[in-house]
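Presented below is the structure to which this report refers.
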Amino acid sequence: MSSAHHSAVTECGASRSTRRALTARRTSTCGKKKHTERLAMADSVDPESLQKIKMRKMASRGSNPALELLSSNQAKNSQLTFKDVKYSVEERVEFTGNVQDFVSRSIAKKPIKTILHGITGSVNSGEVLAIMGPSGAGKTCLIDLLTLESKNGDSVGEVRLNGETMNKDIFTKFCATVPQQDKHWAFLTCRETVAFAADLYLDIPKEEKTARVDAVLATMGLTGCADTKVGNAFFSGLSGGQKRRLSLAIALLSNPLVLFLDEPTSGLDAAAAASIMKFLKDLAVAANIAIVCTIHQPSSAVYNGFDRVMLLSKGRIAFLGAAAEALPYFREIGHQMPPNTNPAEFMLDLVNAEFTDPESVDEVLAEWAKKEAKSDVDATRREPVVGLPTDYVHCTNCARQVATLVRRHGKLTIRDPTLYIGRMVMFINACVFFSIIYIKARDRKQTQVLARLWLTLWHIGVPASLGVVAVHTYNEEYYAIKREVKNGMLSPVSYLLANFVIQVPLIILMAMCALSISLYGIANYYGDNYFQFMLVYAINLWVYERVAQLLSVSFANPLLGMLVFLQVWFASFLFNGVLVAEDDVVWPFRVGFSILPLKWCFRSLLYLEYSDTTFSGAEIDASDSRGFTCGADNILQCYGRTGKQVLDSLGDNYQSISSANNVGKDVGIMLAIGAVFMLMHIYLLTKKTKAVKLVKSPQP
Ligand SMILES: Nc1ncnc2c1ncn2[C@@H]1O[C@H](COP(=O)(O)OP(=O)(O)OP(=O)(O)O)[C@@H](O)[C@H]1O
Ligand SMILES: [Mg+2]
């Protein structure tokens, strides 16, 4: 955030001038004078020393230096309110064994199931609101609704941030989410992950950015593992707790007014859970953020860290208020907590309809409904906060985002073997294997004409089929990008551009891996046409890459995408022009010859390989109707002396092969096919990453 912004924000909040805001003003980089001084300092002192000086100054004031550094970025009050929000879905039609009944129920209007029955609440900056409830109470549905998560069903009610109705723009600019599953870029270190996020979020000078990254790492206790790779299921890296803190670190960089966390403590041990919750509480105060989280079975220590608690059951509120007021309230309505009990467990047991008498749960819910009916329990506890900061924007410079993403994905490509490097190695292995098996085809002679044709076909078909692994990797990438787009870190266009920039040279490299050793090193292919051959080949690989990318976003489950990819590949291979004659295939299947790339690629590659060469075993013979002869011993395998004669002979058998130069046309067709897949991918990715589900205003 710029210093100008800080001062603007601090001025804005001046009427409510809290001590916090003043501290922020003191420690912030607001004042022009200070800013100039700082820049002058930055010129002479390296960023690390600058950061250390800042930290020492803060430490000498007896505060948590890292947290204060963050607090200096946030001096604006915020208030999230939600009023009477309801969520309902159409009941799923379950198959009960009777097909007719199933079909008729599927066609008929389905009954509506209400999941949230009008939830009202609010959270102010500096507070943590914990949404608790037994399994199935509606916690995830409520947080999804507040975070505009796109899902089926109808959501109605009022969600406002600082008095303004929550929409996609407001959410992206002022809110951040930390999902339950920590999905990071496995091959980046902790520091790199935070640094790239800072590059994407913040438009501030480099040394300030470095200071911010260091502060966030220190705040989250990640300095010790800053240079450890994140890791994934296949190689170990950060621990579960560290990954959770890394998710938080990234969310903090965006300076959100409201931070949403779904089950931030699940999967962590009691000590890690308590420390995360304590941190959230401190953070809410220090950075003046409103925090909303769902939580499952908190320990007493964790429970005591909450400011406000919302207890849900069966989609209704059983209690909402200060954590300390919960037990007195339940005592008042006749439920005294037994001694030595975890208060959270006691409350959850009280409203767990699955294990407690449902009537007793209904009574607890009815008591709260009565209380709510009497007075607006959550009438905003402080005076309403109105107006959002106008200059509170993330970095939206597309060129900078693209440059950062190219650096990030370039690094990932080198470190993560699953997308490109692994395939390059596989290409070399598989293609060298084919060339060794077809070793006799090295000789350009009549008996090897078909063997060379098949060798070419294996080289096209098998590497293209390995695009199937890309479906899986791109699917994971898609979900990571989707989260980043939602949190306002980048735009889908920047990602698509960066992806294209990285993809093109890598595909050319993959093509070189597939062809260079096996065809040009071993199989004695025609070297003069190497570059044209490699280019046509690379375009074919690119088309399959686009198919893989399209399928990676078309299906939530990557396995389905992989299956469809294989189907597309099977069809392409079948329609390559050699296995079945185009004229013999019935409509509409015949269209497969035209809209799939393999036939076009194969035709051009054969032309480039055969046309300028000669084959032994045949002699030019002007008296022969075909212009060549092979002698009486070799009638069946006699294709021609020149490459063009060979291509014509093959063309007699295989309709798609020709001695005419169609390379330009074939390349054009393949590029057009790839472009169609690319446009479909762009459309789907943009649509899906930007999709939100707005909470509709209730009908008057
Ligand atoms: N699309 C849907 N169709 C039908 N029922 C749904 C749908 N989505 C959620 N539900 C139901 O709504 C209820 C609330 O679900 P939700 O996931 O919010 O529970 P939760 O409180 O988060 O539980 P947990 O603690 O187990 O995560 C559950 O009974 C669930 O089965
Ligand atoms: Mg849940």
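The simple Förster model, with R0 at 56 Å and r as the Cβ-Cβ distance, assigns residue 96 and residue 325 a FRET efficiency of 0.75. In plain terms, the chain from residue 151 to residue 400 could stretch by 86.5 nm, reckoned as 0.36 nm per residue minus the Cα-Cα distance. Measure nothing but the geometry: give the 0 to 90° angle between the long axis through the Cα atoms of 558-574 and the longest principal axis through the Cα atoms of the chain, rounded to 10°. So the helix axis and the longest Cα principal axis differ by about 10 degrees. Label separation (residue 89 vs residue 332): 3.5 nm, computed from points 7 Å beyond Cα along the C-beta direction. How many percent of the alpha carbon pairs in segment 112-225 exceed a separation of 22 Å? The answer is 52 percent, as a whole percent.
Each principal axis of the Cα cloud of the chain was taken in turn, and the coordinate range along them, longest first, works out to 111, 79, 47 Å. Mean sequence separation of contacting Cα pairs (under 8 Å, at least six apart), scaled by the length of the chain, corresponds to a relative contact order of 14 percent.
For a straight C-alpha distance cut-off of 13 angstrom, the aspartates and glutamates reachable from residue 139 (same-chain residues fewer than eight places away being disregarded) are 262, 263. The packing ranking of peptides 344-351, 684-691, highest mean first, is 344-351, 684-691, where packing means the average number of other beta carbon atoms within 10 angstrom of each residue. Once the Cα atoms are used to define both axes, helix 530-554 deviates from the longest principal axis of the chain by about 40 degrees. Calculated FRET efficiency, residue 239 to residue 108, Cβ-Cβ distance, R0 = 30 Å: about 0.05 to the nearest 0.05. The stretch between residue 637 and residue 362 holds 90.3 nm of extra length on full extension. This uses 0.36 nm per residue minus the Cα-Cα distance. Taking a ≥ b ≥ c as the square roots of the eigenvalues of the alpha carbon gyration tensor, segment 299-364 is prolate, as a/c is not under 1.5 and a/b beats b/c. Between residue 227 and residue 369, the C-beta separation translates, for a Förster distance of 51 Å, into a calculated FRET efficiency of about 0.40. Peptides 542-553, 141-152, 425-436 ranked from most to least packed by the mean count of surrounding Cβ atoms within 10 Å: 542-553, 141-152, 425-436. Remark: spin-label model distance residue 271-residue 354 equals 3.1 nm, labels positioned 7 Å along the Cα→Cβ axis. Peptides 660-667, 621-628, 133-140 ordered by packing proxy, namely the average of other Cβ atoms within 10 Å per residue, highest first: 133-140, 660-667, 621-628. Of 110/314; 86/314; 113/314; 173/229, which sit over 23 Å apart, Cα to Cα? Where the Cα-Cα span goes over 23 Å, the pairs concerned are 173/229. For the pair residue 653 and residue 516, the difference between a 0.36 nm per residue extended length and the Cα-Cα distance amounts to 46.4 nm. Pairs exceeding 25 Å between alpha-carbon atoms, taken from 183/693; 151/371; 599/687: 151/371; 599/687.
Values quoted throughout were computed directly from the atomic coordinates according to the rules given, and no laboratory measurement underlies them. Predicted model, so just to flag it, every value in this text is computed and none were measured. Note that we place each Cβ from the backbone using ideal geometry, even for glycine, and neighbour counts take in every protein chain shown.
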